[in-house]
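Following: one structure in structure tokens, then a few remarks.
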Amino acid sequence: MNRPLFRWLLAALAGMLVLGLAACGQEEEGTPRPSASPAAASPTRGTITLGLIDMFSSATQQYIANSIRAGFEIAIEEANAAGGVAGYRIEVVTADMGESTDRAVAEAQRLVNERGIRLITIGINSGAAVALAELAKNRQDFLVNGAFATTRRLTGESGSRWAARANISTVEIGGTMAQFLRDKGQIRTVAIVAPDYEYGRHFAEDFKAQLGRIRPDVRVVREEFPPLGARDMTPHVAAVQAARPDLVVIGVFGGDLINFLRAARDLGLTPGTQLFIHGVDLVKMETLREVLPDGSWGTAWYPFWAVSSQASQDFLNKYRAKTNDIPVAGSLTGYYAGKMLVEAIRKAGSGDLAAVISALDSGVEFDGPVGRVSVRGCDHMALGPFYVGEVRRGSEYPGGIGLASVVPIQVSQVARSCEEIARVRGG
């Protein structure tokens, strides 16, 4: 063979190899997402596939959905890198529900019926989480695990052995906020602002119930429920301002929170009234930098800048390497969702649905970025620390804004008891 022809053949073969590698890198929806390099794990018994359904194409919730997925995948990657779980390699198949609960149900049925997947995690949408909890309870052939949805019905009123949750509900949110107010004697009157749908109504109900238990001397003098997506928050701010509360407890989030804070600033509410905002780390706090007053109180899932443990630093490094971004609330709860399934599979010794549920029934534990997390058997709910702090600006915070004087509150102190869970489930 002459040399020019030989060189041409080598070049052609190299080009074909590059194209082949590029084609291998393309991923279709529903294709298993590799969770670690094959060389990192040495499974001897096969593969267990987990399903993850979330609002990946939603215009408003895509960022949170992707943060949940990243945290979930890190938990699986860690397990595979350690040699798998009970001799199995774990893989993840994702499905997009958009903004439709019906589509979430259809995707869950597809994953179970066509793919044989028995362990399915649902992301941020509370309506979808409850729908899948009811479906799982009726079918009894898959487990639904809530990675973020805060509806109390997921593992409470609609709960069963076929449902679990990695995140707190509005009961624990209300309890955390009320617990923080225990020694704030200057607070005697409160107004509540929350969105006008199930989460918002439950947020207000559960906060009032917990406040009445912890601070019965505090009066709720006003409740406002703006519709989701309200652009003009002026009437709601004016109504709160007229009630002259010492504290405004705020459950709206995203663009609604920004609009409320802008109206509060423009009407002069914030200089004389304390704000207490739930979930300041749902997305990066820097999105609130222009409107969120210093000194406001806020709850957070993962104020990583205030957590000095090596476990937190390791998770932060992995998350940044994976996403080129900083973790937010969903990053942590997504990680919890993955870890609790990994540990249940490890305890069960397989991915068999009945064995995994039995493992959850007896309780599992794992170490997370902010400490030890226990999943209690009565409702399969993950219990770890939740945080409250005071808004501050400074170069030491990511994006120039964060929480100072951060206080951890153990969710187990404010969660519904197992007896109460049994009661709301009808015994």
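Throughout, read-outs are computed from the coordinates displayed, never taken from laboratory work. A quick note: this is a predicted structure, and the numbers were derived from the prediction, not measured. All Cβ positions, even for glycine, are placed from backbone atoms using ideal geometry, and neighbour counts span all protein chains on display.
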*What shape does segment 190-278 have by the C-alpha gyration tensor, where a ≥ b ≥ c are the square roots of the eigenvalues, rounded means a/c under 1.5, and otherwise prolate means a/b greater than b/c and oblate the rest?*
oblate
*For Ala82 and Asp217 in the same chain, what is the full-extension length gain: residue separation times 0.36 nm, less their Cα-Cα distance, in nm?*
43.3 nm
*What are the lysines whose alpha-carbon lies under 21 Å from the alpha-carbon of Lys208, with same-chain residues fewer than 8 places away excluded?*
Lys184
*Specify the angular offset, from 0 to 90 degrees and rounded to the nearest 10, of the alpha carbon long axis of helix 329-348 from the longest principal axis of the alpha carbons in the chain.*
60 degrees
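Under a Cβ-Cβ cut-off of 10 Å, what is the net charge of the residues other than Val328 that fall near it, where Lys and Arg count +1 and Asp and Glu count -1?
Net charge around Val328: -1.
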*R0 = 56 Å: FRET efficiency of Arg103 with Ala242, Cβ-based, nearest 0.05?*
0.85
*asked:* Taking the Cα centroid of segment 170-200 and of segment 106-168, what is the distance between the two, rounded to the nearest whole Å?
replied: 28 Å
*asked:* With angles folded into 0 to 90 degrees, how steeply does helix 170-180 sit against the dominant principal axis of the chain? Use alpha carbons for both and round to 10.
replied: 50 degrees
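What is the fewest-to-most order of Leu353, Leu111 by other Cβ atoms lying within 10 Å of their Cβ? Each step should come with its number before you reach the end.
Details: Leu353 16, Leu111 24.
If I rank by nearby Cβ atoms, fewest first, I get Leu353, Leu111.
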*In degrees from 0 to 90, rounded to the nearest 10, what is the angle of the helix 254-267 Cα long axis to the longest principal axis of the chain?*
30 degrees
*Tally Lys and Arg at +1 and Asp and Glu at -1 over the other residues with C-beta under 14 Å from the C-beta of Asp196: what net charge comes out?*
-4
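Shape call for the chain from the C-alpha gyration tensor, a ≥ b ≥ c root eigenvalues: rounded (a/c under 1.5), prolate (a/b greater than b/c) or oblate?
On the way: a/c = 2.07, a/b = 1.53, b/c = 1.35.
Note, shape of the chain comes out prolate.
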*Cross-link partners among lysines for Lys318, C-alpha distance below 19 Å, same-chain residues fewer than 8 apart left out?*
Lys284, Lys339
*Label-point separation (nm) for Ser358 and Ser57, each offset 7 Å from Cα along Cα-to-Cβ?*
4.1 nm
*Extended-chain gain in nm, criterion 0.36 nm per residue less alpha-carbon gap, Arg423 and Asn324*: 31.1 nm
_Helical contribution to [θ] at 222 nm, DSSP H n ≥ 4, -39,500 (n - 2.57), averaged over the chain, rounded to 500_ = -13000 deg cm²/dmol
